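Read the structure below first, then the notes.
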Amino acid sequence: MALPNLSDADRQAALKKAAEARQKRAELRASIKSGKTSFGDVMKKANDPIVARMKVSTLLESLPGYGKAKAAKIMADLEISESRRVQGLGARQREALMKRLG
């Protein structure tokens, strides 16, 4: 599939929108890491585009006391792909995560 030809103004708008989304995800991760936002609160907002497009591994690594190793173990135990995003979780995977971390 070929990339669309964007004008300079369209390209700049898309870059700005992408930067804002990255910034909002970084703020959410910081809020989770500090304990201000719980895992359950984040999962309740799974339809929010900022949360929906976040990788599950990144979300788990943002939890206080969790790093790459613990996140990878949880994902392996629950049979969740490393590349899975929150919006792509199935009902059983979401339920298993909530039971484990909720």
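FYI, it's all coordinate maths here, none of it is from the lab. Bear in mind the structure is a predicted one, so any value in this text is a computation, not a measurement. Here the Cβ is made from the backbone with ideal geometry for all residues, glycine too, and neighbour counts use every protein chain on show.
With the requirement that a residue be surrounded by fewer than 12 Cβ atoms within 10 Å (Cβ to Cβ) and assigned to a loop (DSSP other than H, G, I, E, B), what does segment 7-47 give you?
The answer is SER7, GLY35, LYS36, ASN47.
Could you please let me know if ILE50 is assigned to a loop (DSSP other than H, G, I, E, B), free of Cβ contacts under 8 Å to residues at least 40 places away in the same chain and surrounded by 15 or more Cβ atoms within 10 Å (Cβ to Cβ)?
no
Residue pairs, Cβ under 7 Å, 6 or more apart or interchain, first in segment 1-12 and free of Cβ contacts under 8 Å to residues at least 24 places away in the same chain, second surrounded by 10 or more Cβ atoms within 10 Å (Cβ to Cβ) and part of a helix (DSSP H, G or I). List them.
If the second residue must be surrounded by 10 or more Cβ atoms within 10 Å (Cβ to Cβ) and part of a helix (DSSP H, G or I), the pairs left are LEU6/ALA14.
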